[in-house]
Structure formats: structure tokens, C-alpha cells
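Below: the structure, in C-alpha cells.
Taken together, the values in this text are just the output of simple stated rules run on the coordinates, not laboratory data. Since we're looking at a predicted model, the values are computed, not measured. For neighbour counting, all protein chains shown are included, and Cβ atoms are generated from backbone atoms with ideal geometry for every residue, glycine included.
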Amino acid sequence: MKKILLIALLLIPFFGFSQTTKPVDGFLGIKFGSSKAEVIAAVKAKGGQLSQDKADQVVFTGVKLGHLSSAVFFVKFVDDKAYSGIFGFQSDVEDKTIDFYNDLVDQVTGVYGPGKSEKNFRSTFKDGDGYEITAIKEGDADYRTIWRDGDRTGIQAMINDKLYIYLFYRDNALSAQADAKEKAKEKGDF
């Protein structure tokens, strides 16, 4: 009896943790699979300005995610269904890029739970050597965090060599459909 009680008490934090994390079913309150018209209306209602409208993608400026203002926000579509939302951020101060990235990761973790973070350094650079920004700009360091919601959806944060911090929300099934459609189009070109 004591063992059962002990096991139950040990499992409570895990059940509590799973109740505080949110499933990855969209971005900005917009569900994956939403139509382009629904996405445009929702993002405009949040203060975003439409800057580009193509058949398979819309681009906005002035979109906020929490207290962070994005430089650019893309939404990708397949068959008029949103499958990916991509926020592009940039720190005002180059040397604060990693701090900005870490703040973003902390905010996403607060909503979706912990992700899997990776820092990979190549060449002569090392984490903590004071040259992390130089390493990123030269393509010799990768900062990435991935959150998965099963096999269906996921989120990824990363820093590119131009010091843009990207946050990708993606529905894998619709993304696979978009990839298959693109491959079929490429084959048709031959």
C-alpha cells in the first residue's frame, strides 16, 4: 500500500506538468488548416500589415508575439490551408542576439514546455569563448531549440548567419502535402 501511495505521489508532478503545456495546434490563435482569408483577417485584427500576398504564402509586418515585435511574419499554405507560421525577429543590438534568442526560448517553453536545445560549434569556436556572435555570422555555430507535439506538429527556434532569430510553427502532415505538391510540380517541369 505504501509503495502504491509513493508511486502515485511521484507521478503527480508529471500529470501536473502535462496539464500546463499547450498542444501545438497553430500560431497566434490561428489553427493549422485555416484558410488564407481567415489568416489575413486574424493577423490584421492583431495589428499586422499585409505586405505580400501570393497563392501559397502571405507576408506581414508589424506582428507581435507576446511582447516581442517581429521584423517579418510569413504564413505558408497548401490548398488554401495554413501549414506553417514563421516569425522573424532581430535584436536591436547585435551583441544581444543570443540573449534575445534565449528570452524567446524561455517564453515558448513557458507555454509549450521544455524543448530540445542544441548548440553546435565548428572550426576553432567554442561555447563561452566570447566569439559566439562571430561564430554564428561565419556559419560556424548553430543555435536551435525544437518542441514536438508528437509526430503531427512542432515548433523550432533558431538563429541564422544574418543574426535573424526565427520561430517556426509547423503542421507536419500539411507540410508533407506541400512538399509532395512541390515535387510533383518540379517533375512536371522536366
**Request:** Give me a count of the residues in segment 133-162 that are acidic (Asp, Glu) and surrounded by fewer than 15 Cβ atoms within 10 Å (Cβ to Cβ).
**Result:** 3
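What helices (runs of 4 or more DSSP H), lying completely within segment 82-190, carry at least 2 residues that are over 21 Å from GLY66 (Cα atoms)? First the steps, then the outcome.
Values: elements: 97-112, 132-137, 172-189.
Result: 132-137, 172-189.
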**Request:** Of all residues in segment 59-81, count the ones that are within 12 Å of LEU167 (Cβ to Cβ), β-branched (Val, Ile, Thr) and in a strand (DSSP E or B).
**Result:** 1
**Item:** Residue satisfying condition, being touching a residue at least 24 places away in the same chain (Cβ under 8 Å), outside any strand (DSSP E or B) and of a type outside the set (Ser, Thr, Tyr), within set GLY47, GLY33
**Value:** GLY33
**Asked** Taking segment 27-75 only, how many residues are at positive phi and surrounded by 14 or more Cβ atoms within 10 Å (Cβ to Cβ)?
**Response** 3
